[in-house]
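Step one of this worksheet: look at the structure below.
Every number here is computed from the coordinates shown, using simple stated rules; none is lab data. Nothing here was measured: the structure is a model prediction, and the numbers come from that model. Neighbour counts run over all protein chains shown; Cβ positions are idealised from the backbone, glycine included.
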């Protein structure tokens, strides 16, 4: 008899479930409780957060639970917002919190307008249209990791 397997892609990786019959697959899926998924997601988020902090060393620092941009050379408004979102838990924040962090960082940016433009570019989205939270998309995370961070790190190393 053939063995059945199912792979489910999640935000934190892939969950594989297998069984001898479709009923075993259903039973295995039922055993994945909501609290298990939430717990796994939180633990993976912590790992991702630590990795992000390592990548941001010298550029962004967490002070009193708020990220502050240390980089003093000229960077775009989009890059500033992207760096802050990249440094925050689950790559998300409210526009008010972003505004406060930018102010502490010495950046004067009209946050709602920039977030709207970043949404059009596909860098951020609102997970819930009724809330004021914005989150980096996978395209936004890739943009920060592949374009913004290397450029800023190179400038940082060049100036030292």
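Details
- Within the listed set 83, 149, 98, the residue fluctuating most in the Gaussian network model of the chain (springs between alpha-carbon atoms under 10 angstrom) is 149.
- Along each principal axis, Cα extent of the chain, largest first, Å: 64, 38, 30
- Peptide ranges 73-82, 20-29 listed from the most packed, as the mean C-beta count within 10 angstrom indicates: 73-82, 20-29
- When Rg and the Kirkwood radius Rh are both evaluated on Cα atoms of region 99-160, their ratio Rg/Rh stands at 1.04.
- Shape category assigned to region 4-44 from the gyration tensor of Cα positions, a/c cut at 1.5: oblate
- Each helix, a run of at least 4 DSSP H residues, gives -39500 (n - 2.57); summed and divided by the residues of the chain, these come to -15500 deg cm²/dmol at 222 nm.
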